[in-house]
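S.K.: Right, I'll just put the structure down here and ask away after.
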Amino acid sequence: MKNFLLLTLLLLGTIKGGRILGGDVNLNYANAGSMTELSFSFMLSNPITSNNFILLALPFPFHSALIPAFPATEGLSSPLGVLVTYQYMDNNNNILPSSYYCRVLTDTIDSSNYYIQFYALDRKTIIPIPANTWFYLTLQIQTTTPLSYQTSNSVLQIEISTVSSVWPNAIVYDDNLAFNYF
């Protein structure tokens, strides 16, 4: 029993759970008062590999349809009607001009949880996401279908985590369950 307690304490000391820092949320209400774009900055406490994901939980779906993911990923689909991009930020919180695409996966047509990975410039290679680097993530709604999910006069919450896989029992590396409100 004593050895078990020592081993448990040793393992707990090696776990590196952290927080995800965030900046202001920027919204664009370009479609008759409905939000069509959501952007925010964030920084991870711990790096993630190209096999890991950012899990973004939004208050409502941003997509209008689903297609099979390529490569296939544990029964998830690629959402259509939403474009997700990222940009690097410099040390003065200026957004750098180059924009890169993201791989995005979701469960169902009405899901508002998105598993995100960053593509390299070639739009084929998934890259690791380093710690202590600011990024600017943008989600653009490209069809009118998701606009019907939006509700007015309510405070909406964004949650963000980094996870080891898309499975429900995935390891959570960093998280911020109250990342931002709008």
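S.K.: Does LEU66 meet the test of being under 19 Å from VAL166 (Cβ atoms), surrounded by fewer than 20 Cβ atoms within 10 Å (Cβ to Cβ) and in contact with a His (Cβ under 7 Å, 6 or more places away or on another chain)?
M.R.: For LEU66, the condition - under 19 Å from VAL166 (Cβ atoms), surrounded by fewer than 20 Cβ atoms within 10 Å (Cβ to Cβ) and in contact with a His (Cβ under 7 Å, 6 or more places away or on another chain) - is not met.
S.K.: Any idea which residue in segment 47-72 is modelled with the highest pLDDT, counting only those that are more than 13 Å from the chain's Cα centre (by Cα) and aliphatic (A, V, I, L, M)?
M.R.: LEU66
S.K.: Are any residues in segment 18-46 over 21 Å from ILE141 (Cβ atoms) and over 15 Å from the mean Cα position of the chain (by Cα), and if so, which ones?
M.R.: GLY18
S.K.: Determine, yes or no, whether SER34 is small (Gly, Ala, Ser), surrounded by 15 or more Cβ atoms within 10 Å (Cβ to Cβ) and modelled with pLDDT of 85 or more.
M.R.: No; evaluated as a whole, the condition is false for this residue.
S.K.: Could you list, in sequence order, all residues of segment 122-154 that are among the hydrophobic types (A, V, I, L, M, F, W, C), over 18 Å from THR49 (Cβ atoms) and modelled with pLDDT of 95 or more?
M.R.: Of everything in segment 122-154, those that are among the hydrophobic types (A, V, I, L, M, F, W, C), over 18 Å from THR49 (Cβ atoms) and modelled with pLDDT of 95 or more turn out to be TRP134, LEU137.
S.K.: Within the set of pairs 6 or more residues apart or between chains, which connect a residue that is without any contact (Cβ under 8 Å) to a residue 60 or more places away in the chain and at negative phi inside segment 102-119 to a residue that is buried (at least 21 other Cβ atoms within 10 Å of the Cβ) and assigned to a loop (DSSP other than H, G, I, E, B) with Cβ atoms less than 6 Å apart?
M.R.: Short answer, once both residue conditions are applied: ASP110/PRO61; SER112/PRO61.
S.K.: Kindly check whether there is at least one residue in segment 87-105 that is surrounded by fewer than 18 Cβ atoms within 10 Å (Cβ to Cβ), modelled with pLDDT under 95 and within 20 Å of SER161 (Cα to Cα).
M.R.: The answer is no; no qualifying residue exists.
The values are calculated or read from the model by the stated rules, or taken from the named source; none is laboratory data. Model, not experiment: these values are computed from the prediction. All Cβ positions, even for glycine, are placed from backbone atoms using ideal geometry, and neighbour counts span all protein chains on display.
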